[in-house]
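Each remark here refers to the structure printed beneath this line.
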Amino acid sequence: MAVEADKPMSKVSDWIQRGWYKGSPWLLPLRPLSMLVSLEASRRLNHFNRSRPEPPVPVLVVGNITVGGTGKTPLVIALVQAAQKRGLKVAVVSRGYGGKAGQYPVTVTAESAALEVGDEPVLIARRTGAPVILDPDRRNALDVAINTCNPDLVISDDGLQHYALPRSAEVVVVDGQRGLGNGRCLPEGPLREPASRLKEVDFVVSTGGGWSGAHPMVMRPGAIENLADGRTLDVHAFLREYPDVHAVAGIGNPRRYFNLLSIIGLNTQPHVFPDHHAYQPADLAFSDGLPVLMTEKDAVKCAAFAEPNWWYLPVTADLPEGLLDRMLDRALGADGNESS
């Protein structure tokens, strides 16, 4: 299956990522800068480890060490829902990438506009009902969450490298298909911190493929929902009615989504958009009348101007039995450290 980039896809970004993950000699001159980034990241981590401030409430950070999406949001949703099943009151803090809020902090609800506050925070709020507090200063977001929500647990969507944010436990999500690329820090490679950072965290989770020492996470498709009228079809019913679709993805790793649609059995015409893309109706104005099937993350930005033949596929994070509980127990101080 060929994956073709639409015009909105940044050619420069695509070119850089190919170099990171497939190798390219033009990156070599960037190595001195990458070494500086690696040294600075290590210095900041060492400083954090020396002080290790105790959070005022349990804080679980879900992040990654690479640039781009790895599947953190479905895991955050799964953790929030697992905590809620225990009767815990949960708040989520986030940066809100892709949003245009002029002032912070911002409290996101299911009714918030995704183009203003970001697609992932709205998706988390809609799927969990938990309050989501946005602020680039995540320590301030934590303080606001504590003062306004009185939570038993705070989960940080990203923020692993935001060391002003105290935390009780850390989970890193790795893209099991793309891995760590060339293993170099920015700008020569995709790493925000050296790969050795993975030895410091409590849990490592791998999405979409095997990763040595990591817990596997599989994205399970749910019922496919129509953006315009809310009608749902299970995967088999949708396949019988709409075997051919325009597949739209504006996420960190769109290939994972397209592969899932292929496994389902759909014939797709893939359309790639940049992560957090601000969609306009013209972006999805295909002329052949085929239905459009997008990710749930894209759907939160397109619902306001949805056409009758636009659909989205929600996914749920499927993890080994008991893993979510062990993550929560670690954050709540109910168990010992885990070597992932």
Check your understanding: In this structure, does Arg31 turn out to be in contact with an Asp or Glu (Cβ under 9 Å, 6 or more places away or on another chain), over 25 Å from Ile146 (Cα atoms), of a type in the set (Lys, Arg) and in a helix (DSSP H, G or I)?
Key -> yes
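With in contact with an Asp or Glu (Cβ under 9 Å, 6 or more places away or on another chain), under 24 Å from Ser94 (Cα atoms) and buried (at least 23 other Cβ atoms within 10 Å of the Cβ) as the only criterion, which of Val218, Val171 stands out?
Val171
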Practice item. Write out, first by first residue and then by second, each pair whose Cβ atoms fall under 7 Å of each other, whose residues are 6+ apart or on separate chains, and whose first residue, in region 73-95, is at positive phi while the second is part of a helix (DSSP H, G or I). Key: none
Check your understanding: Only one of Leu45, Leu36, Leu30 is in contact with a helix residue (DSSP H, G or I) (Cβ under 9 Å, 6 or more places away or on another chain) and either under 18 Å from Arg192 (Cβ atoms) or open to solvent by 70 Å² or more (accessible area, probe 1.4 Å) (or both); which?
Key -> Leu45
**Study point:** Unmet requirement for Glu188, which otherwise passes all of (1) open to solvent by 10 Å² or more (accessible area, probe 1.4 Å); (2) in contact (Cβ under 8 Å) with a residue 12 or more places away in the chain; (3) part of a loop (DSSP other than H, G, I, E, B)
**Key:** (1)
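Do we have Arg178 as of a type outside the set (Ser, Thr, Tyr), open to solvent by 20 Å² or more (accessible area, probe 1.4 Å) and part of a loop (DSSP other than H, G, I, E, B) here? So that I can check it myself, show each step before the final result.
On the way: of a type outside the set (Ser, Thr, Tyr): yes; open to solvent by 20 Å² or more (accessible area, probe 1.4 Å): yes; part of a loop (DSSP other than H, G, I, E, B): yes.
Yes, satisfied.
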Review point. Do we have any residue at all in region 135-155 that's touching a strand residue (DSSP E or B) at 6+ places or on another chain (Cβ under 9 Å), open to solvent by 10 Å² or more (accessible area, probe 1.4 Å) and of a type in the set (A, V, I, L, M)?
Key: yes
Check your understanding: Looking at this structure, is Glu193 open to solvent by less than 40 Å² (accessible area, probe 1.4 Å), among the acidic types (Asp, Glu), within 16 Å of the chain's Cα centre (by Cα) and over 30 Å from Phe305 (Cβ atoms)?
Key -> no
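Please enumerate the residues belonging to region 115-128 that are open to solvent by 10 Å² or more (accessible area, probe 1.4 Å) and in contact (Cβ under 8 Å) with a residue 40 or more places away in the chain.
Selection gives Leu115, Glu120, Leu123, Arg126, Arg127, Thr128.
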**Study point:** Among (1) free of Cβ contacts under 8 Å to residues at least 40 places away in the same chain; (2) surrounded by fewer than 22 Cβ atoms within 10 Å (Cβ to Cβ), the one test that Val108 misses
**Key:** (2)
Exercise for review: Provide a single number: the residues in region 223-280 that are small (Gly, Ala, Ser), open to solvent by 30 Å² or more (accessible area, probe 1.4 Å) and touching a Pro at 6+ places or on another chain (Cβ under 7 Å).
Suggested key: 1
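The values are calculated or read from the model by the stated rules, or taken from the named source; none is laboratory data. All figures in this text were calculated on a predicted structure; none of them were measured in a lab. Don't worry about glycine lacking a Cβ; one is built from the backbone with ideal geometry, like all the others, and counts go over all protein chains shown. Only protein heavy atoms, including side chains, enter the accessible area calculation; ligands, DNA and RNA are left aside. Shrake-Rupley method; radii C 1.70, N 1.55, O 1.52, S 1.80 Å.
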